[in-house]
Amino acid sequence: MSLQKTNMGLQQMLNEIVQSSSGTYGVAVKHLDTGEFAGVNQHERFQLASTFKIPILVTLFRDVNSDKLELEDIVTVQEEDIVIGSGVIQHLHPRVQFTIKDLATLMIIVSDNLATDLILKLVGTENVTSYMKELGLSNTFIHFSCRQLLNLSIGLDLNSFLSAEEVRFVKWDFDYESLIFQGDSRNNVSTPVEMAMLVEKIARKEIISEKSCDAMLDILLKQQFNSRLPYLLPSRTKVAHKTGTIGNVINDVGIVYLPEGNGAFSIAVLSKESVSMEEGERTIGRIAKAAYDYFLKR
């Protein structure tokens with residue numbers, strides 16, 4: 001991250017929230033104008049779950065900017081592309097067509113796993129990790145597609161394929177001893193401080209191009225899952241973010257825009273071993289609200 005200074009008042013509030021919650025949380029919060037920073041376990045690696053779609057989005061726009069891909073290119077969905085978990089495309093008729101831009105939008109705003117894996121094929125899984133390294137994210141690793149991640153999480157073989165009919169009867173019995181739930185560099189992992197750094201770079205328009213950053217922010221602002229970072233914030237608060245969930249991993253990463261010219265702050269909350277979805281979401285909401293209130297009152 002760029003120059004930052006630890007804010008002890010906010011730090012204490014975050015410590016208290018995390019200590020009062022079950023599970024393990026990693027938090028990084030930074031005001032983009034003042035550089036004020038607070039974090040908890042901010043350098044620890046966590047499973048990203050669907051927040052890994054932000055690095056994929058960034059890599060896609062890098063490739064579009066360098067003319068390797070075009071956002072208006074058409075991709076045809078095949079039956080063998082079906083992926084379990086979140087999203088809507090798996091429920092549509094096979095051979096439906098989308099532009100790459102539409103796939104990117106669905107990947108973020110409804111966390112569509114099928115759309116994600118199609119984009120990942122286009123940009124190359126290994127290229128996502130290498131680009132993150134170029135951006136200074138040395139503890140960010142992407143190794144698995146959504147299909148692979150979900151397969152391993154429930155004890156299936158890495159590249160098992162489930163048909164549309166089989167997907168309906170998937171038993172979500174997670175194997176918490178599997179690689180998926182470890183902070184291993186062979187996994188899809190990052191640290192709170194690096195994920196906050198990535199969205200900060202987008203917000204500051206420091207990477208790729210200003211046009212690309214504007215386009216990514218526009219997509220992130222359309223997020224449909226708003227029961228975490230935005231949950232306790234005033235209803236008109238702009239939050240450009242991406243959630244992530246797999247088993248007891250409950251995450252959210254984004255930029256929160258403050259009212260009345262008070263700037264914005266980056267925030268990444270990653271977790272593991274959450275007791276319930278409700279508590280995990282409530283904890284993330286409390287963390288975001290504490291930062292929001294602090295930066296408005298300082």
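Bear in mind that the values in this text are calculations on the coordinates, not laboratory data. This structure is a prediction, so every number in the text was calculated from the model and none was measured. Neighbour counts run over all protein chains shown; Cβ positions are idealised from the backbone, glycine included.
Things worth noting here:
- Helix axis angle, 277-297 relative to the chain longest principal axis, alpha carbon, degrees: 40
- The stretch 67-110 and the stretch 180-234: distance between their alpha carbon centers, rounded to Å: 20
- Residues Ile84, Ile284, ranked from the fewest to the most other C-beta atoms within 10 Å, line up as Ile84, Ile284.
- Dipole of the chain, positive end: most advanced residue of Ile54, Thr140, Gly35 [Cβ charges, Cα centre]: Gly35
- Between the listed residues Gly85, Leu232, Ile246, the Cα displaced farthest toward the positive end of the dipole of the chain, a dipole computed from Cβ unit charges relative to the Cα centre, is found at Leu232.
- Under 20 Å from a label point set 7 Å out along the Cα-to-Cβ vector of Leu296, the amide N atoms of the stretch 241-283 belong to 241, 254-268, 282-283.
- Compared with the dominant Cα axis of the chain, that is its longest principal axis, helix 100-109 is turned about 50°.
- As a ratio to 2.2 N^0.38 Å, the alpha-carbon radius of gyration for the chain is 0.95.
- Most simply put, the chain has about 95% antiparallel DSSP beta bridges, counting only bridges with both residues inside it.
- Qualifying aspartates and glutamates (Cα of each under 13 Å from Cα of Lys297; at least 8 residues distant if same chain): Glu260
- Cβ-placed point charges (K, R +1; D, E -1), dipole of the chain about Cα centre in debye, nearest 20: 880
- Dividing the mean sequence gap of close Cα pairs (under 8 Å, 6+ apart) by how many residues the chain holds gives a relative contact order of 25 percent.
- Counting beta carbons within 10 Å around each of Met107, Met13 and listing the fewest first gives the order Met13, Met107.
- Listed pairs Lys68/Lys205; Lys101/Lys171; Lys68/Lys238; Lys171/Lys238; Lys68/Lys133 exceeding 30 Å between Cα atoms: Lys101/Lys171; Lys68/Lys238; Lys171/Lys238
- With each label modelled as a point 7 angstrom along the Cα→C-beta vector, the Lys101-Arg204 pair spans 2.8 nm.
- Efficiency of FRET from Cβ geometry, Ser160 and Asn65, R₀ 41 Å, rounded to 0.05: 0.70
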